[in-house]
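Notes to accompany the following structure.
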Amino acid sequence: MSVKSSATVDVRTPLSSAGLVWGLVGVAAFSFTVPLTRVAVGGLSPLFIGSGRAVVAAALAGVALVATRQALPSGTQWARIAVVAAGIVVGFPVLTSYALTVTPASHGAVVVALLPAATAVAAVLRTGERPAQPFWVFSLAGAVAAVGFALRQGGGFGGVGWADLLLFGAVLAAAVGYAEGGLLAREIGAWQTVSWALVLSSPLMITLAGVAVAHRAPSGTAVEWACFAYLAVVSMYLGFFAWYRGLAIGPMATVSQVQLVQPIMTICWAALLLGEHITVLTLTGGLVVIACASAAVRTRLGQART
């Protein structure tokens, strides 16, 4: 049986609007992750949230893979799937869950503000993409604007603590997972990539979830469990259908910049869900970040057409 792929694209394929659209859909899904995690850790342990959401998503992935009779990945592809799993299934969810037990959602937006730049670097190192210098200038400007905005909203770091180190670690883990997953999605398909990553990591995540339950039985409210359900079904699984599809169409270094708007979305959801006040700075910061992301995309489009 041949491997089914919904995203077979040559590495040198020019940027198309489809990649950006799929990337934006994934970003919109992920923008709820930080505020909903912040709500969930109010009653559920961070280890349970980080591992339990992966267990639920792995169950869904297993059903989807069996129902569609997907072929098993090759030997080398399993090694790459392990890299994806380490980044997006284990690293990012667990590290951010622990960090958000002590830091507010607006402060946690620093994570998603740094991800586009980190993913672009990972994509360049992994795939050999070489965007023009203006692309990096606009990308860096967008990252700086997004970080500054998130820091201002969160009141600044006030000194680098263990939570901040966890957030930086989560950024690195996700960036590597995004880059490798986007490349692998070109071979085996977008949703297949995240599905196999979840299945591969399921023994570890089931073990961690069991440890979490044994240490502290889950006793969240209905709202906290609803947030957990979103994290498991959307943030951990369905959102990656769109995100990896966009990265697979690529170029990854450019599509990753769509994520620069995620901190703005995250702050808005935090305001609505957690009661944080939206100021003029919020609106201004959002416009600056989106403008930088748009400029970076236009720069890459211009290079692709020459």
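The values are calculated or read from the model by the stated rules, or taken from the named source; none is laboratory data. Note that the structure is predicted; figures quoted are calculated from it, not measured. All Cβ positions, glycine included, derive from the backbone under ideal geometry; neighbour counts span all protein chains shown. Surface accessibility is based on the protein's heavy atoms, side chains included, excluding ligands, DNA and RNA. Shrake-Rupley method; radii C 1.70, N 1.55, O 1.52, S 1.80 Å.
If the condition is being modelled with pLDDT under 80 and assigned to a helix (DSSP H, G or I), then segment 103-118 contributes A105, S106, H107, G108, A109, V110, V111, V112, A113, L114, P116, A117.
Counting only residues that are at pLDDT 90 or above and part of a loop (DSSP other than H, G, I, E, B), which one in segment 3-40 is most open to solvent (accessible area, probe 1.4 Å)? Selected residue: F32. The residues of segment 233-257 include none that are modelled with pLDDT under 85 and surrounded by fewer than 24 Cβ atoms within 10 Å (Cβ to Cβ).
Take the conditions open to solvent by 20 Å² or more (accessible area, probe 1.4 Å) and either in contact with a helix residue (DSSP H, G or I) (Cβ under 6 Å, 6 or more places away or on another chain) or modelled with pLDDT under 85 (or both) and apply them to V84. Does it pass?
Against the criterion (open to solvent by 20 Å² or more (accessible area, probe 1.4 Å) and either in contact with a helix residue (DSSP H, G or I) (Cβ under 6 Å, 6 or more places away or on another chain) or modelled with pLDDT under 85 (or both)), V84 does not qualify.
Here are some conditions: (1) closer than 21 Å to V102 by Cβ; (2) at pLDDT 85 or above; (3) not basic (K, R). L204 meets all but one. Which one does it not meet? The number of the failed condition is (1).
Cβ separations smaller than 8 Å between residues 6+ apart or across chains give the following pairs from segment 278-306 residues that are modelled with pLDDT of 65 or more to residues that are open to solvent by 70 Å² or more (accessible area, probe 1.4 Å): L281/R152; G285/R152; C292/F138; A293/F138; A295/F138; A296/F138; T299/F138.
Of all residues in segment 191-232, those that are closer than 20 Å to I249 by Cα, under 16 Å from the mean Cα position of the chain (by Cα) and open to solvent by 10 Å² or more (accessible area, probe 1.4 Å) total 1. Summed over segment 163-190, residues that are under 14 Å from the mean Cα position of the chain (by Cα) and open to solvent by 50 Å² or more (accessible area, probe 1.4 Å) total 3.
Tell me which residues, restricted to segment 66-81, are in a helix (DSSP H, G or I) and either closer than 21 Å to Y178 by Cα or modelled with pLDDT under 95 (or both). Please lay out each step first, then the result.
Keep residues of segment 66-81 that are in a helix (DSSP H, G or I), which gives 66-67, 75-81.
Passing the criteria: G75, T76, Q77, W78, A79, R80, I81.
Taken over segment 99-151, the residue count meeting the criterion of being among the polar types (S, T, N, Q) and without any contact (Cβ under 8 Å) to a residue 12 or more places away in the chain is 1. Restricting segment 266-282 to residues that are touching a helix residue (DSSP H, G or I) at 6+ places or on another chain (Cβ under 7 Å) and part of a helix (DSSP H, G or I), the residue that is farthest from A174 (Cα to Cα) is L281. The number of residues in segment 87-102 that are surrounded by 24 or more Cβ atoms within 10 Å (Cβ to Cβ) and in a helix (DSSP H, G or I) comes to 8.
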